[in-house]
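Input: a single structure, listed below in structure tokens.
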Amino acid sequence: MVRLALILHIFIGSTFAGSAVIAALVMGYATAAGIVIAALVGFLLSAPVSYLVARNLYEA
């Protein structure tokens with residue numbers, strides 16, 4: 001299940017990070033630091049989501 005969660009994290013993490021960067025740009029945080037922080041926050045917040053999706057897929 002951990003391997004599945006890591007593979008899912010690649011896709012879910014990039015989606016969350018991209019969405020966070022777009023949200024940061026819309027809110028006016030157009031500096032490099034704002035974009036990097038938004039991408040990191042999105043990527044880190046996707047870890048629990050990846051685990052939950054992997055757990056649900058593994059049990060099904």
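List pairs: first in the stretch 24-37 and within 20 Å of Gly13 (Cα to Cα), second β-branched (Val, Ile, Thr) and surrounded by 10 or more Cβ atoms within 10 Å (Cβ to Cβ), Cβ under 7 Å, 6+ apart or cross-chain?
Matching pairs, first to second residue: Ala24/Ile35; Ile35/Val21.
When you look at Val21, is it surrounded by 15 or more Cβ atoms within 10 Å (Cβ to Cβ), assigned to a helix (DSSP H, G or I), modelled with pLDDT of 95 or more and within 14 Å of the chain's Cα centre (by Cα), yes or no?
In short, yes.
Considering the stretch 25-58 alone, what residues qualify as being loosely packed, with under 12 Cβ neighbours inside 10 Å and outside any helix (DSSP H, G or I)?
Met27, Gly28, Ala30, Thr31 - these are the residues of the stretch 25-58 that are loosely packed, with under 12 Cβ neighbours inside 10 Å and outside any helix (DSSP H, G or I).
The values are calculated or read from the model by the stated rules, or taken from the named source; none is laboratory data. Since we're looking at a predicted model, the values are computed, not measured. When we count neighbours, we look across all protein chains shown, and the Cβ atoms used for this are built from the backbone with ideal geometry, even at glycine.
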